[in-house]
Amino acid sequence: MTPAAAGEPLVEVRDLVKHFPIRRGVVLQRQVGAVRAVDGVSFDVLRGETLGLVGETGCGKSTTARLLTRLLDPTSGSIRFDGRDIATVGRRELGPLRREVQMIFQDPYSSLNPRKTIGAIIAEPFAIHKLLTDGEERRARVQELMERVGLNPEHYNRFPHEFSGGQRQRIGVARALALEPRLIIADEPVSALDVSIQAQILNLLRDLQRDLGLTIVFIAHDLSVVRHMCDRVAVMYLGKIVELASGDELYRAPRHPYTGALLAAVPVPRPTGRARRRELLPGDVPSPADPPAACRFHTRCWKAQPRCSEEEPLLESRAGGADLTACHFPLSAEEVAERVPELAGAQAAGAPGEAGPSGDAEASSGSSSSPSST
Amino acid sequence: MARYIARRLLWVVVLLFLVSLLTFLIFYALPSADPAALRAGRSANPKLIERIRTDLGLDKPLLEQYWLYMKALITKFDLGTSYQYNAPVRQLIFDRLPATISLAVGAAILWLVMGVGVGIIAALRRRSVLDRTTMGLALFGISAPVYFLGLVALYLFADDIGVIPLFGGSNSYKPLTDDPAAWLNSLILPWIVLAVSFAAFYSRLLRGNLIEVMGEDYIRTARAKGLSERRVVFRHGVRSAITPIVTVFGLDLGILLGGAILTETVFNIPGIGRLSYDAITRSDLPTIQGTVLLGAFFIIVANLLVDIAYAFLDPRVRYE
Amino acid sequence: MTALLEVEDLRVRFDTEDGVVHAVDGISYTVEVGRTLGIVGESGSGKSVEALTIMGLTRGRRTAIEGAARLEGRDLLAASDDELRAVRGNDVAMIFQDPLSSLHPYFRVGKQIVEAVQAHRDVSKAAARDRTVELLGLVGIPDPARRVDDFPHEFSGGMRQRAMIAMALANDPKLLIADEPTTALDVTVQAQILELMSRLQRELGMAIIIISHDLGVVAETADEIAVMYAGRIVERAPTATLFSAPRHPYTWGLLRSIPRLDVPREADLVPIAGRPPSLIQRPSGCAFHPRCPYALPSHAVTVPPLEAIEGDPAHHVACLLPEAVRAAAEARLRAGATPQEARAAAGVDSLEPEPAS
């Protein structure tokens, strides 16, 4: 794995904001409010790393992805790609960016044109950018790509409907790789796939990243998938990043109470079954059109104090390391151990690939009998 | 919602203004015919035409003519005077409107009942003989022109020339207020003829909608609750499938209220359609403009009503 | 313990234009009063069809159903449509994956629950409404007396599923079937709903069948788990046993192919090769054999029966490998071996002579 600190930033995002206006009026439409989908996020994507963006529906992770590829125009803020600000340049000047940033989508069924052959779909980027105009050359390159993502190159002339969900996602990956992009944005690439197929695609992405030195922004709602894939992880809540840390750190010692609650909510297949105690967040996510003042999580946070509704916590290092948290009262190690015992168990567990660490069964059932602090 | 309706009403005014401007330009300003000559009739001499031109104000600048037309329309609801009948266009329209409303509303009730009924049965008995037969007939109904069906109906069932004389034939229309029985008798054939193609279209539309709706998750939920199949179909299924029909229905009715030209002509019903047909054949410009404005008014208002009705039918629709 | 639902050799076939789909191909299980059975499988494993069939919701001209599903001794599959309707939403209730599309968009939430109450009880509208408000309160909808008049689109995703649960509970069912109840929900909302279902089960004492593709969800809720593959149950065991001593290669594959919070981050995922089989042309013999790393030539011929493991009558497996070999292979996997290494170490190849190549 590439150490995160060793990479130079490929993308620098600063104070990125995307508001979708809400308009009202009889004759003239006045703006009466805004859905604050992304409301001031800053982060770097380092060369060669996989950065995870994780959060629940409406947290702004997919909007952020669309801003990075300029499928959406930001309301304010800057995005520097390889030192060049791409947040404000006109669409015509985006040409090179369109080559260097590619997306992989969630739904492999609807993102492939059913009337084109696989070969034509994967060759599309070449056609758009007028590259490899020689037919033979182009075909050879496409087949090479197919081989690379684990498709049979002989299936060049088949149509998307002849492929299974997992194979279609491989086609999507091959198309994204065609122009040798420097940044790939994968938006929920496995959530539409069957359980037994997900691992095939995750492994493929991991191999490709290692072999080709790709930089990936990996967007997902599934914390286990993100943990498996990402060097660093940004946790989003209501348009803000609440925690940004290396994967090791975030999953060993989450600092933000929201991260803690997310991790505690993940059901884990383990022998103890229902004995595990759960930390439940009360209520629903507030509306992004009218987010709570100061810390947006304070309305649902069990650690909230008066200060949390008065003063917005900055995303900064709380423990002196590279782990950034936007919280006045971050979780302590004891609080984490109590709420998400399997994280400690995973660190202590033995050989990789162990199918069901029986060692932490006692640890978890032990904690389940301890009194809840909520 | 009130805000939305206010905005839409504003639009109704703007649209009607635009339609009036457009028809005025087409009929008065384009050099298609000289209105004064038309008004003068066949035995006109240049002097008479000049006098008429002055009387009608046709020698004034176009803008001023339009201004005077609109002023009369807005302040006195005066649509001008028909060349053909030498009577106020407003009066002509009001005289003809009851016949058109009788025809359109009666036919609409008929086609709704037939279309919805056949559509539901065909959807529930999908791929059965009944489904195939009714849908085949519906295809025929959609394709058959009204004047063809009208003539066939007259030859078969009209009480004057019909093979099996049953109902009033062509030119038998009596106003409802004069003689309700004769009114009903005179309209049965026109209602059926006008309703056939609409009923055919509506039944196919509803069948398609209902088949789709019956596959929805909430229908499965309704069944899982243990509701009777009748209740599942009619309360949960048809309720959803019929909503898009309301949109089409409002517009169709709006268009017909502006005059069912073909049906009124075939059956010689003195309605708005017949009036516009005669006005067109005789180049009666003020009457044409009046009926066009009336038609536009009905269509625009029907559109507005449909949109408002939709908000009540589908609670997810909220207008701002 | 008393059996509430006994399913015996249930088979469901659909006649389609592409051929006959063997959606469910002979499954048997028992759900005891007040207990939870988890059914795990991928799309196309037959887990949803099986549940819908018990509810009588797959009946139709193109469906062939065989076997028995006895609720308190009465065979639901043999019941007439009207008899079954009296059971549905009354003795057996069901909730579904997508609560938004499962609620009628044009009717108020309260009205839809009132309808469920009145479908089985001869009570006044006012009484049914009182019951509805009570149910909404029971499932944790805040301010139920006011929210009862909301439309589904005015509810959040979690509240919609709560409303679906309230509807299902309207007539105190003995059995609640939950088909992927949390798949469309966010993880924190999923936790709320699973907790709610456990609490309601404790308070009301109903039995639950929870169907999911997510082993974690099932692990947290079920007393017993059945793993389905291609229309059959391949392994059935008490929850603790299934995770501590899984015995079917498909179960092993599932457990190792998903990223988990409780294994080290660096651990490699071991995907199951290939893809789920066609239910029109099922693989011969053991349906899993084309994807199984431990398959032998004879496995393509013999259909494995679901049998109890020697020494553990509660643990059933449908696998042609001898139990000793399965135990050895599983122990190797647990120690970190790849499936190929485990196959070699457990001596799978010595069971049958290599076919002449």
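Would the stretch A:212-224 turn up any residue that is within 12 Å of the chain's Cα centre (by Cα) and assigned to a helix (DSSP H, G or I)? The answer is yes; a qualifying residue exists. Every test in (1) aliphatic (A, V, I, L, M); (2) out of contact with any Asp or Glu (no Cβ under 8 Å at 6 or more places or on another chain); (3) assigned to a loop (DSSP other than H, G, I, E, B); (4) under 25 Å from A:Val340 (Cβ atoms) is passed by A:Ala199 save one, and that test is (3).
For the stretch B:284-304, the criterion of being in contact with a Ser or Thr (Cβ under 7 Å, 6 or more places away or on another chain), small (Gly, Ala, Ser), within 22 Å of B:Phe27 (Cα to Cα) and buried (at least 20 other Cβ atoms within 10 Å of the Cβ) is satisfied by no residue at all. Taken over the stretch C:145-160, the criterion of being away from chain A (no Cβ under 14 Å), surrounded by 20 or more Cβ atoms within 10 Å (Cβ to Cβ) and of a type outside the set (A, V, I, L, M) is satisfied by C:Pro152 alone.
Does the stretch A:321-330 include one or more residues that are within 19 Å of A:Gly55 (Cα to Cα) and outside any loop (DSSP other than H, G, I, E, B)? Yes, that holds for at least one residue. Within the stretch C:72-84, being touching a residue at least 24 places away in the same chain (Cβ under 8 Å) and part of a helix (DSSP H, G or I) holds for C:Asp81, C:Leu84.
Being aliphatic (A, V, I, L, M) and either in a strand (DSSP E or B) or touching a Gly at 6+ places or on another chain (Cβ under 9 Å) (or both) is the filter here; which residues of the stretch C:307-323 pass it? Outline the logic, then answer.
If we filter the stretch C:307-323 for residues that are aliphatic (A, V, I, L, M), which is where we start, we get C:308-309, C:314, C:317-318, C:320-321.
Across the stretch C:307-323, the qualifying residues are C:Ala308, C:Ile309, C:Ala314, C:Val317, C:Leu320.
For the stretch C:213-245, a residue qualifies if it is over 20 Å from C:Glu32 (Cβ atoms) and within 9 Å of chain A (Cβ to nearest Cβ), and the qualifying residues are C:His213, C:Asp214, C:Leu215, C:Gly216, C:Val217, C:Phe243, C:Ser244, C:Ala245. With respect to (1) within 15 Å of the chain's Cα centre (by Cα); (2) more than 10 Å from chain C (Cβ to nearest Cβ); (3) modelled with pLDDT under 90, the lone exception for A:Ser246 is condition (3). Taken together, C:Arg162, C:Arg147, C:Arg129 contain a single residue that is touching a Gly at 6+ places or on another chain (Cβ under 9 Å), over 22 Å from C:Asp98 (Cα atoms) and of a type outside the set (Ser, Thr, Tyr), which is C:Arg129. As a summary of the residue check, C:Gly89 satisfies the conditions (1) more than 7 Å from chain B (Cβ to nearest Cβ); (2) buried (at least 22 other Cβ atoms within 10 Å of the Cβ) except for the one numbered (1). Restricted to helices (runs of 4 or more DSSP H) entirely inside the stretch B:211-320, those with at least 1 residues that are within 30 Å of B:Gly169 (Cα to Cα) and of a type in the set (S, T, N, Q) are B:261-266, B:272-281, B:285-313.
Okay, residues lined up against (1) surrounded by fewer than 21 Cβ atoms within 10 Å (Cβ to Cβ); (2) within 9 Å of chain C (Cβ to nearest Cβ):
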{"residue": "A:Ser191", "(1), (2)": "yes, no"}
{"residue": "A:Gln200", "(1), (2)": "no, yes"}
{"residue": "A:Val242", "(1), (2)": "no, no"}
{"residue": "A:Thr259", "(1), (2)": "no, no"}
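Screening the candidates B:Ala311, B:Ala279, B:Ala222 for the property of being of a type in the set (A, V, I, L, M, F, W, C), over 30 Å from C:Arg121 (Cβ atoms) and within 14 Å of another protein chain (Cβ to nearest Cβ) yields one hit, B:Ala311.
Yes/no matrix, rows are residues, columns are (1) without any contact (Cβ under 8 Å) to a residue 40 or more places away in the chain; (2) under 23 Å from B:Asp217 (Cα atoms):
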| residue | (1), (2) |
| --- | --- |
| C:Ala86 | yes, yes |
| C:Ala93 | no, yes |
| C:Asp98 | no, yes |
| C:His104 | no, yes |
| C:Arg108 | no, yes |
| C:Val117 | no, yes |
| C:Thr132 | yes, yes |
| C:Val139 | no, yes |
| C:Arg146 | yes, no |
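Restricting attention to the stretch A:203-224, the residues that are surrounded by fewer than 23 Cβ atoms within 10 Å (Cβ to Cβ), of a type outside the set (Gly, Ala, Ser) and within 9 Å of chain C (Cβ to nearest Cβ) add up to 4. Which of the following residues is in a helix (DSSP H, G or I), of a type in the set (Val, Ile, Thr) and away from every other protein chain (no Cβ under 14 Å): C:Val123, C:Val133, C:Val117? The unique qualifying residue is C:Val133. B:Tyr66 falls short on exactly one of the conditions (1) more than 30 Å from B:Gly250 (Cβ to Cβ); (2) not in a helix (DSSP H, G or I), and that condition is (2). Only residues that are more than 24 Å from C:Ala170 (Cα to Cα) and among the polar types (S, T, N, Q) were counted in the stretch B:198-232, giving 2. When residues in the stretch C:12-38 are screened for being within 14 Å of chain A (Cβ to nearest Cβ) and assigned to a strand (DSSP E or B), 3 of them pass.
The values are calculated or read from the model by the stated rules, or taken from the named source; none is laboratory data. Remember, it's a predicted structure, so these values are computed and weren't measured experimentally. Positions of Cβ are backbone-derived with ideal geometry, glycine not excepted, and every protein chain shown enters the neighbour counts.
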